[in-house]
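Take a look at the structure below.
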Amino acid sequence: MKYTKIRILTFVITCGGVLAAALLYGRDLSEIIRAVVSAVLGAGTLLFLFADFAAKGELYVDNGDHPRRFFAAYLLTFVLSMFFPLIATDAWPFLSFYVLLSLLSCPFVGAYAGTMLLMLTVLIQGGGTAEFFMYVFAGFVALALFRKLDEQVEAGMPLFLSLLVQTLLLVCYHVMFLNESLSVAILVIPLVNAFINFAILIIVLNAYSFYVVKRDSERYMEINDPSFALMQRLRGVSESEYQRAIHTDYLTQRAAAALGLDQRAVRSCSYYHRAAIVLQDREPEKVMELFRSYHFPEEPLTLLEEVITHKKGDPLSAEGTVVLLCETMIASLQFMFQKNSKAQVDYALLVDKIFEKKEAEGELKMSGLSLRGLHVTKELLKKETLYYDFLR
C-alpha cells in the first residue's frame, strides 16, 4: 500500500498521544482506557475511510494522489487538540479543523476526522457531552457551507455564516447547559473563538486556493493547449488525428458552455480520448497510466476512462455524450472532404442522421444528457456551418 509509513505513523501518534495526554491530565484508569480504546478504533477507521474513498476516486481534486497533505494536516490538528483542555472549552477552534480536513479529503472523511478529534479532546479533558454536540453542529454547518471550493465560489458568505452559527451555539451552551444569564460577558470567549477561527480559515482558504485550486486550473491550461507535450506526441504519430482533436475541441467547448457542463474536463477528453487508437495501445489501463504520468487532474481522468472503455449501449455521462457526438460530426466531415473537398453537404441533414444512428444504436437512451441537452446539442451542431466549411 502506498504511503504505508505515514499511515502507521498516524496510527501510532494518535494512540500514543492520547495515552500520554490522558496520563498528563491526571485521568483515572477507566478514563485512560476509554480514551485509548477510542483512539485505536477512531484512528483505524479514519485510515480505512481515507484509503477507501481514495481508491474509489471520491476525494476532492487530487487529494487521493497526495495523502501526505491530509495526514500532515490531521497530525497537526491532533497535536494542537491535545493541548485544548488547557484553555476554556468554548475557545476551541474545531470549526476550522473540520473545514481544513474536509478540503484535503472530502466532506465525509473531514466530518469523521473532525468529530474524532473533538471526541478524543473531550475524553482526555473529562468533559461532558454538551460542548461536544455544540462543536459537532457548528462543524457540520461549516462543512455544508464549504463543501466544495473552486475558482467560481466566493468564501465570504460561508465564512460569515459558519462563524455566526458557532457563536450562537456557544452562547446557547452558556445559557442552556451552564445556566448562565444572557449578558455581554458570555459573548467574550465565543467572539474570541470566532476571531481565532476566522484567522485560521483565512490562512487555510488562501493556501488551498493557491496550492490546490489554482494549481489544478493551471494544469488544465497546460494539457488543454495544442502545444502540450502529449498533444504534440499524438500529432507526430498522426496529423489527421491531431486535426480531428482540435476541431472536436471547438465543438465540445461550444456545447459544454451552452449546457453548463465542465468545459475543462470536456476539452481534455476531446483532445485525448483517441490516444489509445493513435498510439496503437488499446489497453485502457496503459493509456490511463500514460495520462497519469502527465499529471492529468482527476475529473478528465474519470471522463477519459469512461469514454475510452465505453461500449455501444453502455451508460454514458452528459460530458461523454457531447464528446461522442461532436467527434462523430467532425470525423464524418473529414471523411467526406478527404474524398471531395468541394462536396456539397447538407449539414443539418448530416446532424439528423448522426443522431438517428446513435439513437438506433442505443447510445442516446443510456446517455446522462437530458432531452433538452440533446436538442440543444443538435441545434448547435446545425448552426456551425461556417466552421464546417473551414474543414475543407
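Quick check on this structure: which one of 42, 57 is small (Gly, Ala, Ser) and either within 29 Å of residue 193 (Cα to Cα) or touching a strand residue (DSSP E or B) at 6+ places or on another chain (Cβ under 7 Å) (or both)?
On the way: 57 fails: either within 29 Å of residue 193 (Cα to Cα) or touching a strand residue (DSSP E or B) at 6+ places or on another chain (Cβ under 7 Å) (or both).
After applying the criteria, what remains is 42.
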What is the residue count in segment 21-42 for residues that are in a helix (DSSP H, G or I), touching a residue at least 40 places away in the same chain (Cβ under 8 Å) and of a type outside the set (Ser, Thr, Tyr)? 7
Among the residues of segment 147-160, are any loosely packed, with under 14 Cβ neighbours inside 10 Å and among the small types (Gly, Ala, Ser)? yes
Name the pairs whose Cβ atoms lie under 7 Å apart, with the first residue in segment 44-72 and within 24 Å of residue 214 (Cβ to Cβ), the second among the aliphatic types (A, V, I, L, M) and at pLDDT below 80, and 6 or more positions between them or separate chains? 61/212
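Taking the condition at pLDDT 90 or above and under 17 Å from residue 57 (Cα atoms), does residue 333 pass? Explain how you work it out, then say what you get.
On the way: at pLDDT 90 or above: yes; under 17 Å from residue 57 (Cα atoms): no.
Spelling it out, it is not the case that residue 333 is at pLDDT 90 or above and under 17 Å from residue 57 (Cα atoms).
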Taking the residues in segment 29-83 that are among the small types (Gly, Ala, Ser) and closer than 16 Å to residue 122 by Cβ as candidates, determine which candidate is surrounded by the fewest Cβ atoms within 10 Å (Cβ to Cβ). 30
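The values are calculated or read from the model by the stated rules, or taken from the named source; none is laboratory data. Just so we're clear, the structure is a prediction, and the values are computed from it rather than from any experiment. Don't worry about glycine lacking a Cβ; one is built from the backbone with ideal geometry, like all the others, and counts go over all protein chains shown.
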